[in-house]
Amino acid sequence: MRRKFSGTGVAVITPFNKKKEVDFPALKNILNRAIECGVDYIVTLGTTGETPTLSAVEKNEITRFTVEIVANRLPVVIGIGGNSTQNVVETIEKSDFRGIDGILSVTPYYNKPRPEGLYWHYKTISEAAPLPVIAYNVPGRTGVNMSAETTLRIANDCKNIVAIKEASGNIDQIMMLLKHRPKDFLIISGDDSMTFPMLAMGADGVISVAAQAVPKLFSTMVRFVLSENFEEARTLHFKMLHFMNDIFADGSPGGIKAALHIQEMCENELRLPLVPVDKATYSFIKNDLMEIEI
């Protein structure tokens, strides 16, 4: 698991054409560039993929297409999460996991379960999942934080839950996870701008939005810090800092889609209720990319 899910994972968008249909040629180009520029694995159908707006048929088509394009060059992780444990289990049981290496499953959103509910949610998923599971804690989106104590309980009791994508932004919580995690349980950054400090403290990698637009630069920064070349890693971190912040200024994935549109990788199209970033943010992102010298 450490080999498969360490380093730089890329949370891939779902590109849409002007008709708001899935743009498979654009998706192919995005995937190929990421792979050719040195990322370590691909994450499809996560939050960045606008999954709440995708039909079951579209999700299946995107999954099969991603597996076909990646063609075993890198591991592929698929997002399967929700706020009904039974629905998540049923989706897992019905899914075609050919060519898939892991499942990313976000904490339940909106209904805000207490720690015992979070524990049993993941334990139930663990028992149903035929693949390694990466739990995903992102309280800014879900409305509930999974504490270090709950994550560690899950990590110790559920052997095929192999990692946590941690996006709480709480340094004390992250340090508790790093100090007390079981052997081989991975701590993965879920915040692009927190990646450098988290890796410096001993985390194992990142599932990144920004790396989709700057795959070579971001994956190089990650490799530098994992090899304890902190000086060069720090230089690249600060080089990307404004960009990492600006792509989230008007929400995600609006910012990264703006960046990819600037790079002529896809249309600047989202599905409602999401809309493109405003003109000022678009301009900031464009300037950031120019300064990075993509």
* **Inter-probe distance in nm under a simple model that places probes 7 Å from Cα toward Cβ, at Ala71 and Asp96** => 1.9
* For the chain, with +1 on Lys and Arg beta carbons and -1 on Asp and Glu, the positive-most of Tyr119, Pro139, Asn60 along the dipole -> Tyr119
* Structure fact -> Kirkwood calc, the stretch 1-81, C-alpha pairs only, radius in angstrom 12.8
* To do: Neighbouring Cβ atoms within 10 Å as the yardstick, rank Arg3, Arg181 fewest first.
  => Arg3, Arg181
* Placed amide H near Gly81: partners under 5 Å, 5+ positions off or other chain -> Val106
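Under the rule a/c < 1.5 gives rounded, and otherwise a/b versus b/c splits prolate from oblate, where does the stretch 2-226 land using the Cα gyration tensor? If you can, show how the numbers build up before the last one.
Working: a/c = 1.67, a/b = 1.17, b/c = 1.42.
The shape class here is oblate.
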* Asked: So what's the back-of-envelope 222 nm ellipticity for the chain, counting only DSSP H runs of four-plus at -39500 (n - 2.57) apiece and dividing by all residues, rounded to 500?
  -> -14000 deg cm²/dmol
* To do: Just report the Cα centroid separation between the stretch 175-191 and the stretch 216-294, whole Å.
  => 25
* FRET E, pair Ser84, Phe238, Förster distance 51 Å, beta-carbon r, rounded to 0.05 -> 0.75
* Structure fact -> Under 16 Å by backbone N from the virtual spin label 7 Å along Cα-to-Cβ at Glu291, the residues of the stretch 223-239 are 235-239
* Could you state the number of Å between the C-alpha centres of the stretch 104-148 and the stretch 21-51? -> 24
* Asked: Taking the Cα centre of the stretch 1-66 as the origin, how large is its charge dipole in debye, to the nearest 20, when only Lys and Arg (+1) and Asp and Glu (-1) carry charge on their Cβ atoms?
  -> 140
* To do: Have a look at Lys159, Lys28, Lys94 and tell me which one the Gaussian network model of the chain (Cα, springs below 10 Å) gives the largest fluctuation.
  => Lys94
* Structure fact -> Going from the fewest other Cβ atoms within 10 Å to the most, one would list Leu241, Leu45 as Leu241, Leu45
* Between Leu178 and Arg141, 0.36 nm times their residue separation minus their Cα-Cα distance comes to what? -> 11.0 nm
* If you place +1 on the Cβ of every Lys and Arg and -1 on the Cβ of every Asp and Glu, how big does the dipole about the Cα centre of the chain come out, in debye to the nearest 20? -> 440
* Distance in nm between pseudo-label sites at Asn245 and Arg64 (7 Å out along the Cβ direction from Cα) -> 4.5
* **Separation in nanometres of the label points that stand 7 Å from Cα toward Cβ, at Leu272 and Thr124** => 3.3
* **About the Cα centre, charge dipole magnitude for the stretch 138-294 (Lys/Arg +1, Asp/Glu -1 at Cβ), debye** => 420
* Asked: Using θ = phi - 60° and the Karplus curve 6.51 cos²θ - 1.76 cosθ + 1.60, what whole-Hz ³J(HN,Hα) does each residue of the stretch 101-118 get, with Gly and Pro shown as x?
  -> 10, x, 10, 9, 10, 6, 4, x, 9, 6, 7, 6, x, 7, x, 5, x, 4
* **Top of Ser84, Ser219, Ser126 by mean-square fluctuation, Gaussian network on the chain, Cα under 10 Å** => Ser84
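Laboratory data are not the source of any read-out in this text; all were calculated from the coordinates shown. Since this is a predicted model, take the numbers as computed values, not measurements. Using ideal geometry, Cβ is built from the backbone for each residue, glycine included, and neighbour counts are taken over all protein chains shown.
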